Amino acid sequence: MADQYDLLVLGSGPGGYVAAIRAAQLGLKVGIVERELLGGICLNWGCIPTKALLRSAEVFNQMKHAASYGLAADNIRADIDAVVKRSRGVAKQLNQGVTHLMRKNKITVHMGTGVLKGAGQVEVTGEKGTEVLSAKHVIVATGARARDLPFAKADGDRIWTYRHAMVPPAMPTKLLVIGSGAIGIEFASFYNDMGADVTVVEMMDRIVPVEDADVSAFLEKSLTKQGIKILTGAGVESIATSAAGVKAKIKGKEGAAAEHDFSHVIVAVGIVPNTENIGLEALGVAAERGIIAIDGFGRTNVPGVWAIGDVTPGPWLAHKASHEGVIAAEAIAQALGNTEVHPHPMDRLNIPGCTYCHPQVASVGLTEAKAKEAGYELKVGTFPFIGNGKAIALGEAEGFIKTVFDAATGELLGAHMIGAEVTELIQGYVVGKTLETTEAELMHTVFAHPTLSEMMHESVLAAYGRAIHI
């Protein structure tokens, strides 16, 4: 037997490494197992490098419209290789940062593939061979991978997952994106800004279908204006690749199918949890279609085994995984006798969602439709970017902010935004929801001028017929 730990974490993504750090802060002896790169998908192949790509596209797009700011930018061009190189550099920097954090917090890193072998035992197989580790508690934080389509297996050449799309072998000329969730729309926006001819196919009746219907409609109109072709209520029936490109048979909402030519395809139709072949079945850990069942603290049905992040019920977001990691670490410390921590269960209605396309989308809580379905009588306020001085000064007057309140109590049920920097603004409403804010507190809050955040205030006022600037 090699090492005895209080906690072993399988996976070092934004859930796993945060759980390990919090547990170490609480005095636990912690080990972490990683089969590829510290930081997991998020830091190396997901959230962070994609935002670096999108930032390059945003700057490029602004350069193309320099004249509208009284500036001249002539003969500008995009170098996809340089853009990708910068993105990979950002990912490498953060990977090194996590390595530093492991050392700083005295967390032992075991590089290899971990398999649960029994109560409190994990077998790790890596370059140095196989070792068996022992721990009082184990957190499964093994993340997820892109879901394939049976007829469109990713090959890295013509058919891509998000991972291939971050390091493209060539700049696509005519791109098909299958799926309009956050990943699909972000890559559609990036490659469109970089000069590709982009088509998005979504089987639902609207894009970003988890968002408020008004946000979906506004985003579709905006992306269409930018030149992206959007086909909703449609499906891809077959894909054939060749040296020349891709032929895709697409069935439209009217029911007719037609063949279209593309240079490349990105498949963005969801994720598959990495829960197979890690010993969960032998231990009797309850799961459905690979998703591990947990309580609000991350406990599974097997004592000593916990789970967080993309292997658990959604939403499948990095910040949700990180918060679950903190909750689980504190609950484990409490179980081991720490009386100073008092973890609170996760409230999924207080988890924000962000899509970093152009314009950005952000939300928290119930949509207007979901709130009505839940039986609430509502007060709903909307305020447009065009009514905000800072947005006009920035040249970013496209978008709106929408707030949804319970008419009986004034409880903030949800907030939905589309426009410049809304992924930063949304946190104000997230804090408000977490503090169980009503419209009264939000109305009485002083918002700095001139800022985009003033629209948050105006949206609340609008819900009660008191908006000032519209």
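Some values worked out for this structure:
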read-out	value
Virtual spin-label span in nm between Ile386 and Arg466, 7 Å along Cα→Cβ	2.6 nm
Charge tally in the Cβ shell below 9 Å around Phe405, where Lys, Arg are +1 and Asp, Glu are -1, Phe405 excluded	-2
Which listed pairs, of Lys51/Lys390; Lys51/Lys379; Lys372/Lys433; Lys64/Lys370; Lys221/Lys247, have C-alpha distances above 30 Å, in listed order	Lys51/Lys379; Lys64/Lys370
Accessible area in the full protein assembly, largest first, 1.4 Å probe, for Ser180, Ser453	Ser453, Ser180
Linear extension gain, Thr173 paired with His65, 0.36 nm per residue minus alpha-carbon span	36.7 nm
Carbon and sulfur %, accessible surface of the chain computed with the full protein complex present, 1.4 Å	54 percent
Cα-based equivalent ellipsoid of region 184-308: semi-axis lengths in Å, sorted from largest, via gyration tensor	37, 19, 14
Burial ranking of peptide ranges 154-166, 315-327 (average Cβ count within 10 Å, highest at the top)	315-327, 154-166
Calculated FRET efficiency for the pair Ala256/Asp81, C-beta based, R₀ 45 Å, to 0.05	0.65
Relative contact order [Cα under 8 Å, 6+ residues apart], region 167-233, whole percent	33 percent
Antiparallel %, DSSP beta bridges [both residues in the chain], to 5	65 percent
For Gly337, net neighbour charge (Lys/Arg +1, Asp/Glu -1) across residues whose Cβ lies under 15 Å away	-1
³J(HN,Hα) computed for each position of region 317-333 - Karplus, 6.51 cos²θ - 1.76 cosθ + 1.60, integer Hz, glycine/proline x	10, 4, 5, 5, 4, 4, 5, 4, x, 5, 4, 5, 4, 5, 5, 5, 4
Relative contact order, percent, region 384-455 [alpha-carbon distance under 8 Å, six or more residues apart]	32 percent
Contour minus Cα-Cα distance for Glu411 and Ala282 (0.36 nm per residue)	41.9 nm
For Ser238, distant residues with modelled amide H under 5 Å away	Lys249
Net charge of Cβ neighbours under 11 Å - reference Val269; Lys, Arg +1; Asp, Glu -1	-1
Cut-off under 5 Å, modelled amide H: who pairs with Ile266 long-range	Trp160, Leu176, Val177, Ile178
Mean separation of Cα contacts under 8 Å, 6 or more apart, over the residue count of the chain: relative contact order %	14 percent
Label-point gap, in nm, between Ala217 and Val272 - each point 7 angstrom along Cα→Cβ	3.8 nm
Exposure rank, largest accessible area first [Met455, Met203; 1.4 Å]	Met203, Met455
Calculated from backbone phi, Karplus (6.51, -1.76, 1.60) coupling profile of region 370-381 in Hz, x at Gly/Pro	5, 5, 5, 4, 6, x, 6, 8, 10, 10, 10, x
Long-range amide H partners of Tyr5 with built H, under 5 Å	Ser134, Ala135, Lys136
Contour excess over end-to-end distance, with Cα ends at Leu435 and Thr99 and 0.36 nm allotted per residue	117.5 nm
Per-peptide average of other Cβ atoms within 10 Å, ordering 304-312, 353-361, 185-193, 25-33 highest first	304-312, 185-193, 353-361, 25-33
Mean Cβ neighbour count within 10 Å, used as a protection proxy, ranking 52-60, 81-89, 6-14 highest first	6-14, 52-60, 81-89
Calculated from backbone phi, Karplus (6.51, -1.76, 1.60) coupling profile of region 334-341 in Hz, x at Gly/Pro	4, 5, 8, x, 6, 8, 9, 9
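The values are calculated or read from the model by the stated rules, or taken from the named source; none is laboratory data. Since the model is a prediction, treat every value here as computed from it, not as a measurement. So basically every Cβ, Gly included, is an ideal-geometry build from the backbone, and we count neighbours across all protein chains shown. We work out accessible area using only protein heavy atoms, side chains counted, and drop any ligands, DNA or RNA first. Shrake-Rupley method; radii C 1.70, N 1.55, O 1.52, S 1.80 Å.
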